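Undergrad: The structure under discussion is supplied below as structure tokens; questions concerning it will follow.
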Amino acid sequence: QQQVKQSPQSLIVQKGGISIINCAYENTAFDYFPWYQQFPGKGPALLIAIRPDVSEKKEGRFTISFNKSAKQFSLHIMDSQPGDSATYFCAASHLFSGGYQKVTFGTGTKLQVIP
Amino acid sequence: DTEVTQTPKHLVMGMTNKKSLKCEQHMGHRAMYWYKQKAKKPPELMFVYSYEKLSINESVPSRFSPECPNSSLLNLHLHALQPEDSALYLCANPRGGLTPYEQYFGPGTRLTVT
């Protein structure tokens, strides 16, 4: 059951441009929304994350926009660089009372930034 | 720098072999996770340990057997695997303290079953 939908599947952006990746979720029990960046042959790396009571979070060139009523969130990469070329996964997680969480990932977006 | 290490980095095994994957973490949190990632797919949760006890098993076949000897170590024992089990196996842990949500992944073990 796909609970987090991600688009687009692939994205090509020119250097200096803005990369935008969108995600939508269904389960209102999710209480944390991270984004992961993954380079080939490496494990996913936590990039930035947001809680549902916040509408926007910015860290450097990376910004998450969150729309709780629409159950949608997006990642904006400003001034995209060739080094940003990677696969990006949005995710949604739910924290259980035992102190562990269950993370549901989107299907991923392969970003290519061309010089 | 990674505070989650996994060994080996690569593993090739036959369908009749028994092998183990190892994960070691120094993140200070008591939850530990195993994921499986196929090529061009997102990570799929396999197991979750909390305080050394198995808390979630996502209906994983019994040929995968997890073990958590202590709060820093997580093993995944493999036996009689199938070629379709070839994948990147990832261990993950939250950082201790006030951020139980921030899950950090190890570099993974690339498993090939022949």
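All of the numbers you see were taken from the coordinates with simple rules; none came from a lab. Quantities reported herein were computed from a predicted structural model and do not represent experimental measurements. Reconstructed Cβ throughout: ideal geometry from the backbone, glycine too, with neighbour counts over all protein chains shown.
Undergrad: Taking the Cα centre of chain A as origin, work out the dipole magnitude from +1 charges on Lys and Arg Cβ and -1 charges on Asp and Glu Cβ, in debye rounded to 20.
TA: In debye, rounded to 20, chain A gives about 100.
Undergrad: List the cysteines in chain B whose Cβ has no other cysteine Cβ under 4.7 Å from it.
TA: Cysteines of chain B left without a disulfide-compatible partner: B:CYS68.
Undergrad: Separation between the B:LEU73 and A:LYS42 pseudo-spin-labels, each 7 Å from Cα along Cα→Cβ, expressed in nm?
TA: The answer from the label model is 2.9 nm.
Undergrad: Could I ask something else about it? Return the average number of partner chain Cβ atoms within 10 angstrom of each residue Cβ along peptide B:47-60.
TA: 2
Undergrad: Which FRET efficiency, nearest 0.05, do B:SER62 and B:HIS10 yield, Cβ-Cβ r, R0 30 Å?
TA: FRET efficiency, B:SER62 to B:HIS10: 0.75.
Undergrad: What residue among A:ILE12, A:LEU47, A:SER74 has its Cα farthest toward the positive end of the dipole of region A:1-75, where the charges are +1 on Lys, Arg and -1 on Asp, Glu, each on the Cβ?
TA: A:ILE12
Undergrad: Multiply the residue separation of A:HIS94 and A:GLN3 by 0.36 nm, subtract the distance between their alpha-carbon atoms, and state the gained length in nm to one decimal.
TA: That pair, A:HIS94 and A:GLN3, stretches by 31.5 nm at full extension.
Undergrad: Just to check I understand the Karplus step: with θ = phi - 60° and J = 6.51 cos²θ - 1.76 cosθ + 1.60, what whole-Hz values come out for region B:18-27, glycine and proline as x?
TA: Coupling constants for region B:18-27: 10, 9, 9, 9, 10, 10, 10, 10, 10, 8 Hz.
Undergrad: With the contact rule set at Cα under 8 Å and sequence spacing of 6 or more, what percent relative contact order holds for chain B?
TA: The value is 37 percent.
Undergrad: Same structure, new question: Among the aspartates and glutamates, which fall within straight-line cross-link reach of B:LYS53, defined as a Cα-Cα distance under 19 Å, with same-chain neighbours fewer than 8 residues apart omitted?
TA: Reachable aspartates and glutamates: B:GLU24, B:GLU67.
Undergrad: Something else: Run the reach check for A:LYS58 against lysines, Cα to Cα strictly under 18 Å, same-chain hits fewer than 8 apart removed. What comes back?
TA: A:LYS68
Undergrad: While we're looking at this one, here's another question. Which whole number gives the average count of other chain Cβ atoms within 10 Å of the Cβ atoms across peptide B:4-16?
TA: Mean shielding by partner chains, rounded to a whole number: 0.
Undergrad: Relative contact order for chain A: what percent, with Cα pairs under 8 Å and sequence separation of 6 or more?
TA: 36 percent
Undergrad: Let me ask you something else. Using Cα positions and a limit of under 14 Å, work out the aspartates and glutamates in reach of A:LYS102, with same-chain residues fewer than 8 apart set aside.
TA: Output for A:LYS102: A:ASP31, B:GLU44, B:GLU58, B:GLU102.
Undergrad: Using a simple spin-label model with points 7 Å from Cα along the Cα→Cβ vector, what separation in nm is obtained for B:LYS53 and B:LYS18?
TA: According to this spin-label approximation, the distance is 2.8 nm.
Undergrad: Other chains near A:91-100: what is the mean number of their Cβ atoms within 10 Å of each residue's Cβ?
TA: The per-residue average across the peptide is 5.
Undergrad: Sticking with this structure for a sec: What whole number of Å gives the distance from the Cα centroid of region A:82-115 to the Cα centroid of region B:45-84?
TA: When both Cα centres are located, 22 Å separates them.
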